[in-house]
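In what follows, a structure is listed as structure tokens, so that the remarks can point back to it.
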Amino acid sequence: MKLLIQIFFEFFKLSLFVIGGGYAIIAVADSAFAKKGWTEEGELMEHLPVFQMVPGLIATHVAVYTGRKLAGIKGALVAVVGAAMPSVVIFSAV
């Protein structure tokens, strides 16, 4: 449960504060998650061609990949919600 909360807040922070879209999120997430030991340095960048092949938002693909790697399907769902939540809140407020 603690890991799921950490995953949610990491993706929430990334989505809220990183400006530049999915490609910028990959660069920041790659180094941030490597420091936490969640991924290897450069792992997300190596998967960039796969993230680009699949239709949809690149930030969401990063969330699904990392969340599933760390905590299975629940981790993937929590990561996607964490990545989408700042946009939903901001657009709802506007």
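Average accessible surface for segment 1-73: 60 Å² per residue, computed with a 1.4 Å probe over protein heavy atoms with every protein chain in place. About its Cα centre, segment 4-53 has a charge dipole of approximately 240 debye under the convention of +1 per Lys or Arg Cβ and -1 per Asp or Glu Cβ, with nothing else charged.
Heavy-atom surface analysis with a 1.4 Å probe gives segment 25-94 a carbon and sulfur content of 68 percent of its accessible area. Subtracting the Cα-Cα distance of ARG68 and SER31 from their residue separation scaled by 0.36 nm leaves 11.5 nm.
When you restrict to C-alpha pairs under 8 Å that are six or more residues apart and normalise by the size of the chain, the relative contact order lands at 36 percent. When the chain is treated as a GNM with alpha-carbon contacts under 10 Å, the residue of GLY42, GLY67, GLY82 showing the greatest mean-square fluctuation is GLY42.
So if I place +1 on the C-beta of Lys and Arg and -1 on the C-beta of Asp and Glu, and nothing else carries charge, what would the dipole magnitude of the chain be about its Cα centre? I want it in debye, nearest 20.
So the dipole magnitude of the chain works out to roughly 360 debye.
The modelled label-to-label distance between MET1 and VAL81, using points 7 Å beyond Cα along the C-beta direction, is 1.4 nm. If you take the alpha carbon atoms of the chain and fit the smallest convex hull around them, that volume is 93 Å³ per residue.
For GLU40 and VAL88, a Förster radius of 30 Å and the Cβ-Cβ distance give a FRET efficiency of 0.45, rounded to the nearest 0.05.
Considered as an equivalent ellipsoid built on the Cα gyration tensor, segment 19-74 has semi-axes of 16, 14, 10 Å, the largest given first.
Please check the chain for the longest run free of GluC sites (Glu not before Pro) that are loop-located per DSSP (anything but H, G, I, E, B) and have at most 12 other Cβ atoms within 10 Å.
Maximal segment without exposed cleavage sites: 42-94.
Adding -39500 (n - 2.57) for every DSSP H run of four residues or longer, then dividing by how many residues the chain holds, sets the calculated 222 nm ellipticity at -27000 deg cm²/dmol.
The values are calculated or read from the model by the stated rules, or taken from the named source; none is laboratory data. None of the values given here were measured: they were computed from a predicted structure. Every residue, glycine among them, receives a Cβ derived from its backbone with ideal geometry; neighbour counts consider all protein chains shown. The area values use the complete protein model at the heavy-atom level, side chains included, leaving out ligands, DNA and RNA. Shrake-Rupley method; radii C 1.70, N 1.55, O 1.52, S 1.80 Å.
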